[in-house]
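Written out below as C-alpha cells is the structure these notes cover.
The values are calculated or read from the model by the stated rules, or taken from the named source; none is laboratory data. The shown structure was predicted, so the numbers you read here are calculated from the model rather than taken from an experiment. Quick reminder, even Gly has a Cβ in these numbers, built from the backbone with ideal geometry, and neighbours come from all protein chains shown.
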Amino acid sequence: MRAPTPVMCSLALLASFALASSIWSPPSRAQAPAASGAGGGGEPSQIIENVAQAFLKDLDAHRAAYQKDPKLLRAAVDRDVLPYFDVPFAARLVLGRYWRTATPAQRQQFVDAFESSLFTNYGSALLGFQSNRLRVLPARAAPDATNAIVRTEIRRDDGSTVQVNFALHKVTQGVEGAGAEWKAWDVIVEGVSYVKSFRDDFGSEIEQQGLDSVIQRLQHGEKPPQIANPGAGRS
C-alpha cells in the first residue's frame, strides 16, 4: 500500500495539531467559540462532518491570506477545531507514564515543540486541501456508547482513497454526568495511530536519554518514522 502524500495527510493535521496545540493551553484558548453549526452532543460522524466542513469552508474563503500569514491559519485551527478534541486525555496517552514524572516546564516545552513540528511538516500541505476530497462515512452510535470510531475517506489526485479515521469518546461536563459530549482524541491514517506512533517512538528514547532529548528532536522538526511514512511496508 502506498503511503499517503503530505496533502492526503492534511486532514489528519486537523486532529494531530489539535491534540498537540491545546495541551496545557490557557483557559481562554481552550474555551474558544465553537464552529457554527457544530457541537459535541450529536452523532460522532456528524460532529466530524460539521467541524471539518466548517473549517474547510473557512479555508476556501481565506486560503490566500493563510498562505501569506501562517499565524492566521493556526488561529483558525484554534477557533474551529480545538474545542472538539479531548487534548488532556491525548497528552497523557502520548507521554504515558512519563507524563506523571515530567515537570510542568517539561510538559509545556513538549507541547510547544510537538505543535511546532506538526505545523512545520504539514501546515503548507493543509493549505492545498480541497473540501470535495473529504467524505465522512455515516454511522450511528448506540445510545449508551461511550467510544466511537468515525471513518472518513480522502480522495487522491488519481481517484484512489486514503482512510483517515477518528477515535472519539464521551467526556462528561459538569457534575453528575450532565452535559456529556463527544470529543476526538486520536486520528488514524491508513491504520497508523498518531497517538500510538508518537508514544511508541518517544517511549524508548525517553527511557534511554530523557524527555529533554525528545523535546530537542521535535524542535528540529522530526517526527516518528511511521508518521513520516504511514503505510510503508504494508500491502
Inter-residue pairs, beta-carbon under 6 Å, first of a type in the set (A, V, I, L, M) and in the range 88-102, second modelled with pLDDT under 90, 6+ apart: 90/19; 90/185; 90/195; 91/23; 93/195; 94/195; 94/198; 94/199
If a residue must be at pLDDT 85 or above, in a helix (DSSP H, G or I) and not β-branched (Val, Ile, Thr), how many such residues does the range 85-111 contain? 10
Can you work out which of the residues in the range 173-198 that are surrounded by fewer than 17 Cβ atoms within 10 Å (Cβ to Cβ) and at pLDDT 85 or above is nearest to residue 97 (Cα to Cα)? 196
Kindly provide the set of residues from the range 57-84 that are surrounded by 14 or more Cβ atoms within 10 Å (Cβ to Cβ) and assigned to a loop (DSSP other than H, G, I, E, B), ordered by number. 81
